[in-house]
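Trainee: Structure incoming, see below.
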Amino acid sequence: MTGLFSYLHSISPLSETLRQHLQQIVKRKELARKEHLLQAGQVCKSIWFIERGLLRCYTARESGEVCSWFMKEGDVCMSVESFFLQQSSLENIQAMENTELYSIEFEELQQIYREFPAFNITGRVLLEKYYLLSEQRLTAMRSRRAPERYRWLGEHSPELLQRVPAKYLASYLGITEVMLSNIKGRRSKM
């Protein structure tokens, strides 16, 4: 839980009372590789901090799975619409590696916001950070050709190129595995 407290404290200092409260309510969870944290149809009842590991979010379609994001150690994750509206998720969240997480449930988070108003700053900063990341990703994926999308991913999240299997990278980039292989081949010749 040290990583979580360090992360939160780096955004805005935690009072000793809030730190003690968090120690009582935060839950630890371990996922094995390929295990689901959330499946479509379930309500995302928690927000998770990834201490160790890698997760992917995807939507199942008739044509196959479409990956929408990857989150790794030091990141916060949730199914945004499901969490904030407390309704069934359209997304699946799955561990790509053995993963260790810490969670805070929706109702507990709302209580923290009421009882510890300073924590609202932390919540706002986190929301701003992840909204900005989402917008940057959407812009990169919509306005660039496939080789540029791959380059963008390598510049912004180079570790994903090593940790994520090609079929999931291709889905995330909106290209086929063959096209991804061709792009990698051309880049290695440069």
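Trainee: Just to verify a result, which residue in the range 76-123, among those that are among the acidic types (D, E), assigned to a helix (DSSP H, G or I) and modelled with pLDDT of 95 or more, is surrounded by the most Cβ atoms within 10 Å (Cβ to Cβ)? Before the answer, list the steps.
Mentor: Pass one, the range 76-123, residues among the acidic types (D, E): 81, 91, 97, 100, 105, 107-108, 115.
Narrowing further to those that are assigned to a helix (DSSP H, G or I): 81, 107-108, 115.
From the residues that got through so far, the ones that are modelled with pLDDT of 95 or more too are 107-108, 115.
On the way: E107: 10, E108: 19, E115: 11.
Taking the candidates together, the pick is E108.
Trainee: Of L153, L169, L126, which residue is at pLDDT 90 or above, surrounded by 13 or more Cβ atoms within 10 Å (Cβ to Cβ) and under 30 Å from S12 (Cβ atoms)?
Mentor: The unique qualifying residue is L126.
Trainee: A further question on this structure: Of all the residues that make up the range 59-75, how many are of a type in the set (K, R) and within 15 Å of P165 (Cα to Cα)?
Mentor: Residues that pass the stated criteria total 1.
Trainee: What is the one condition in (1) part of a helix (DSSP H, G or I); (2) closer than 27 Å to R61 by Cα that I175 does not satisfy?
Mentor: (1)
Trainee: Considering (1) within 18 Å of the chain's Cα centre (by Cα); (2) farther than 30 Å from E16 by Cβ; (3) assigned to a helix (DSSP H, G or I), say which one R151 fails and leave the rest.
Mentor: In the conditions (1) within 18 Å of the chain's Cα centre (by Cα); (2) farther than 30 Å from E16 by Cβ; (3) assigned to a helix (DSSP H, G or I), R151 misses (1) alone.
Trainee: Restricted to the range 23-66, and to residues that are touching a residue at least 12 places away in the same chain (Cβ under 8 Å), among the basic types (K, R) and part of a strand (DSSP E or B), which residue is farthest from Q86 (Cα to Cα)? Show your work before the answer.
Mentor: Pass one, the range 23-66, residues touching a residue at least 12 places away in the same chain (Cβ under 8 Å): 23, 25-60, 64-66.
Next, only the ones that are among the basic types (K, R) stay: 27-29, 33-34, 45, 52, 56.
Now restrict to residues that are part of a strand (DSSP E or B): 27-29, 52, 56.
Details: K27: 19, R28: 21, K29: 21, R52: 26, R56: 21 Å.
Per the stated criteria, the residue is R52.
Trainee: While we're looking at this one, here's another question. For the range 1-22, how many residues meet the condition of being assigned to a loop (DSSP other than H, G, I, E, B) and either within 18 Å of I50 (Cα to Cα) or hydroxyl-bearing (S, T, Y) (or both)?
Mentor: Residues flagged as assigned to a loop (DSSP other than H, G, I, E, B) and either within 18 Å of I50 (Cα to Cα) or hydroxyl-bearing (S, T, Y) (or both) within the range 1-22 amount to 3.
The values are calculated or read from the model by the stated rules, or taken from the named source; none is laboratory data. Just so we're clear, the structure is a prediction, and the values are computed from it rather than from any experiment. Positions of Cβ are backbone-derived with ideal geometry, glycine not excepted, and every protein chain shown enters the neighbour counts.
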